[in-house]
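For reference, the structure is listed below as structure tokens.
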Amino acid sequence: MTELAVHPTPIPGLLVIDLPVHGDARGWFKENWQRQKMLAAGLPDFGPVQNNISFNQAVGVTRGIHAEPWDKYISVATGRVFGAWVDLREGLSFGATYWHEITPDVAIFVPRGVGNAFQTLEAPAAYTYLVNDHWTAAAQSQYTFLHLADETAAIPWPIPLPQAELSAKDQHHPRLADVVPVPPRRTLVTGGNGQLGRALAALWAGRADVDIVDRTRLDLVDPSSLDAFDFSPYGVIINAAAFTAVDAAETVEGRREAWAVNVTAVARLVEAARTHRATLVHVSSDYVFDGTAERHHEDEPPSPLGVYGQTKAAGDQLAGSLPEHYIVRTSWVIGEGSNFVATMASLAERGIDTAVVDDQIGRLTFTTDLAAAIDHLLTARPAAGTYNVTCEGEPVSWARIAAEVYTLTGHDPARVRPVTTAEYYTGKTGIAPRPAQSTLDLSKIREAGCVPRDQFAALGEHLKR
């Protein structure tokens, strides 16, 4: 009896599966789809939602070549067919071909955008396939076709096509030279007006497959806006939107908005990502920790001190429930717009002395570095999970960073007066608790091949811009 095994092919993502078939004089039995065993054997968790059967009464029935906007898992229940596949996806493998005979002990996994065809060799043939999206007329309009007799693909049909039974439509599909390649699934970035959203927009300015939306196009706290938004084209969703006003989160209204944006909206994005098999990139914060550890690792249990940290920790838990996710945990974010560095540079320029806390320790993260790390994760595709992302260098206090800003802008760093957090907030109310230690361990992101910049070198470049 054949053992369950998964084999690659010359077409990336197209897999051949050997299926064990148990039989005796009475007939046979097989587990055509067994998620637990097949994932362990190397099949992707593609989440089938529809099971179809094509019954073919005669030898020579030939169907295809169709590339569809979903993944397919193909086998036969009875009979025997010759299967053929052509990669119609945009990229270096466009036009690659593969063929294989399919019997009850063979299955084929066909990724989205790979053209699929078959010819009945032994009839009747019950050709079965699982797909991970529901068929609709709108979905059918996204099919890409190739002529069965395309000379470039040169598929060796066992029964010559003039002797086979083809539909009229299949006889009029284009040759490979005229096929428009299937583009990759799109990338969605929420929070387009924020510091990270703008950095991602700048990084991906040359990409036509990225949609960066702000609140006017997708309001994450408005259920009607979420319901009306079509997430189906997206293979990646990057949640760059967040409520980050840590002190305002301690107020009645702020608490409600923080939970709405950082938790409820994240739950809806997780639902959309799960439904459409998209990878979710979710940005986390050092505020999920109480700051008692000198360095925070990715697997440290959350221990938030205030409402903002609580909402971010809750959002992390939701995002982490997806099979395909990257939680990018960061700290002390600086980008274009209003932020600590911009404030210090303005004070220095205006000749204003300032007091800055000297007992909160961490590292800066520039949105250009954060965007580059996200791009790296989505390109390199290391294991799903949480990755700390900040700049590198010796952890320092806010006061030390402020002094460096004064120095780099040509002003006297002695005009920055270091104070304790308690001293700085004396007499002030409604202040959220801050973690004293915000330094994130960067071993994991470095092991994934992303090398962070030194924070002070990055600060100098930022101030020059």
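Please treat every number below as a calculation from the coordinates, not as lab data. What you see is a predicted model; the values in this text were computed from it and never measured. Note that each Cβ is placed from the backbone with ideal geometry, even for glycine, and that neighbours are counted across all protein chains shown.
Relative to the longest principal axis of the Cα atoms of the chain, helix 367-380 runs at roughly 20 degrees. When you restrict to C-alpha pairs under 8 Å that are six or more residues apart and normalise by the size of the chain, the relative contact order lands at 12 percent. Within the straight-line cut-off of under 24 Å between alpha carbons, the lysines reachable from Lys444 are Lys312, sequence neighbours fewer than 8 places apart in one chain being disregarded.
Exposure proxy for Phe55, Phe366: other Cβ atoms within 10 Å of each Cβ, ordered fewest to most, give Phe55, Phe366.
Relative to the 2.2 N^0.38 Å rule of thumb, the chain has a C-alpha radius of gyration ratio of 1.22.
In the chain, helical runs assigned H by DSSP with n ≥ 4 each contribute -39500 (n - 2.57); averaged across all residues and rounded to the nearest 500, the mean residue ellipticity at 222 nm is -6500 deg cm²/dmol. All Cα-Cα distances of the range 186-464, cut into 5 Å bins from zero to the largest, leave 1, 6, 12, 16, 19, 18, 13, 8, 4, 2, 0, 0 percent in each bin in turn.
Look at Lys169, Lys312, Lys72 and count the other Cβ atoms within 10 Å of each Cβ; fewest to most, that gives Lys169, Lys72, Lys312.
Note on the chain: with charges restricted to the Cβ of Lys and Arg (+1) and Asp and Glu (-1), its dipole about the Cα centre is near 400 debye. Tell me, what is the FRET efficiency for Glu392 and Ala293 to the nearest 0.05, using R0 = 25 angstrom and their Cβ-Cβ distance as r? According to the calculation, E is roughly 0.85. Exposure proxy for Phe29, Phe229, Phe289: other Cβ atoms within 10 Å of each Cβ, ordered fewest to most, give Phe29, Phe229, Phe289.
Hydrodynamic analysis of the range 5-178 uses the Kirkwood radius over alpha carbon pairs. Inserted into Stokes-Einstein at 10 °C and 1.306 mPa s, it gives a translational diffusion coefficient of 96 µm²/s. Projected label points at Glu151 and Thr429, each 7 Å from Cα along the beta carbon direction, are separated by 8.5 nanometres.
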